[in-house]
Structure formats: structure tokens, C-alpha cells
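The structure appears below as C-alpha cells.
Please treat every number below as a calculation from the coordinates, not as lab data. None of the values given here were measured: they were computed from a predicted structure. Here the Cβ positions follow ideal geometry from the backbone for every residue, glycine too, while neighbour counts run over all protein chains shown.
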Amino acid sequence: MANICCDDVYFYSQSNPEHLAALWEDLETSIVFCRNEDLAGIRNLFELKGIPTESLSLRGTVIAMERNPDNILLSTSAAWSPLYGAYHAIAEAYQVDFVMQSIEPGCRTYINTDHSGQYFPDHYAVSIQDETFLTPTGIPVSEKLEYGELFTTDAALLEHFAEMGYPADTLKMLETLLEDTRMEVHCFEDPYSLND
């Protein structure tokens, strides 16, 4: 079984609301939620719309979708890595924009392409290997922190860990304090950005 990458994607457009409506209509037509995962495969949208699939990974199943007044949220379980190329192709075909947040802890994938923070304000995710581990305050880490918990700022992250007995002024200091705790802080990155 492949490692599962959880992708959340917002498609949005201020200038082409009719294109967003067309995308939603095609998603409702091509994605069927049922026991047969193939019927919810992202590939179905490509086949319906006739979007070229050459060199695109389409090994993903849509697990949820939501229509909002000015955007569409699509949640997908993908094999191994994000389906960034597929989402880019969808955005081009419908002439809309998109941002994506993807997490696959086994491959240490923590990606957020939303530089504005409008849809995905998160900058950090925390992984925990032993939820019974006692913090310096004497309580199990699971009482203060959830696996995959997200943080939007350095200050919020540092404050939360300080409350658990890990006072640090910088992320580097915090990483040092966490070395033998089986907890890790992961910084979201954008490997697709041309500005990096």
C-alpha cells in the first residue's frame, strides 16, 4: 500500500465566477462518493473535461468537496506525493487559481503553496511518535498536543511548547530541546514556487 498524501486544494477566482461554477458542475458529474473508490478518482474529471493527462500523476481519490461562494475546496488522498501537476492542469483548464496544502508524514512532505495565508494560514505541523511521553511539566504530551497539530506563527508554536516545559526563544532552540522527545516540528514549504 502506498503512503497516503492528504491534499487540500482551494480553487478560486475573483474574475471568473462562471468558470468556478463550471468546475463545480463537472466535479459533481464526475466524482461519485461510494464504496468503489474508482468512481471518486480525480482522473474522472480529466476524462469528462478532456484535459490532457500526459506526464501527470492521477493516483488520487477525492474524499470530500465543498462549494463556497467564491471557492471550491477539494480534499484528495493521493499515492505518495501531492497531485500538484493535476491541480495545476485543472486550474488552467477552468481558468481559475488554486492553492494547496499537502501532508504526508511518512515521506516528510509538508507543503503549503498559499503564501498569502488566506486559505491555509499554517506554517508548522507537529508530529509525535510517543503520545505517552511525559513532558517536563509531568503530563503526557497527548494531553497538550495532538499529532499533526498545526500552528500559524512562530510565536504561537513557541508559546505552546513553553507551556509544556520547553521554553525557547527561537525555533532552533526548540529543535534542540526536542531532540530526545520523539516530537518534531515541521515547517511547511513550497517546492513549486519560482521565488524560492
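With bins 10 Å wide starting at 0, give me the P(r) of the chain over every alpha carbon pair, in whole percents.
9, 32, 29, 19, 11, 1
Quick one: which of 106-112, 9-15 comes out on top by average Cβ neighbours within 10 Å, and what's the full order, highest first?
Details: 106-112: 16.6, 9-15: 18.6.
Put in order of decreasing packing, that is 9-15, 106-112.
Where Lys and Arg each count +1 and Asp and Glu each count -1, what net charge lies around residue 63 among other residues with Cβ under 12 Å from its Cβ?
Neighbourhood net charge equals -4.
Let's see if you can work this out: charge +1 on each Lys and Arg Cβ, -1 on each Asp and Glu Cβ, no other charges. What is the dipole magnitude of region 124-187 about its Cα centre, in debye to the nearest 20? Don't skip to the end; give the middle numbers.
Numbers: 3 positive and 13 negative charges, 7 e Å.
In debye, rounded to 20, region 124-187 gives about 40.
How high is the relative contact order of the chain, given as a whole-number percent (alpha carbon pairs under 8 Å, six or more residues apart)?
Dividing the mean separation by the residue count of the chain yields 21 percent.
Taking only the alpha carbons of region 124-187, what extent do you get along each of the three principal axes, in Å, biggest first?
Its Cα atoms span 25, 20, 18 Å along the three principal axes.
Taking the 0 to 90 degree range and rounding to the nearest ten, how far is the long axis of helix 154-163 tilted relative to the main principal axis of the chain, both from C-alpha atoms?
Tilt of helix 154-163: around 40 degrees.
Taking 0.36 nm per residue of separation and subtracting the Cα-Cα distance, what length does fully extending residue 57 through residue 75 add?
Result for the pair: 4.9 nm of gain on full extension.
By how many degrees, between 0 and 90 and to the nearest 10, does the Cα long axis of helix 84-94 differ from the longest principal axis of the chain?
Helix 84-94 sits roughly 40 degrees off the main axis of the chain.
How large is the helix-only mean residue ellipticity at 222 nm for the chain, computed as the sum of -39500 (n - 2.57) over DSSP H runs with n ≥ 4, divided by its residue count, in deg cm²/dmol to the nearest 500?
After summing the helix terms and dividing by residue count, I get -7500 deg cm²/dmol.
Roughly what angle does helix 17-30 make with the longest principal axis of the chain, taking Cα atoms, 0 to 90 degrees, to the nearest 10?
That helix lies at roughly 90 degrees to the long axis.
In whole Å, how far is the Cα centre of region 148-171 from that of region 35-112?
Taking the Cα centre of each part, region 148-171 and region 35-112 sit 32 Å apart.
By the gyration tensor of its Cα atoms, with a ≥ b ≥ c the square roots of the eigenvalues, what is the shape of region 76-147: rounded for a/c under 1.5, prolate for a/b over b/c, or oblate? The partial results should precede the final answer.
On the way: a/c = 4.61, a/b = 2.37, b/c = 1.94.
Prolate.
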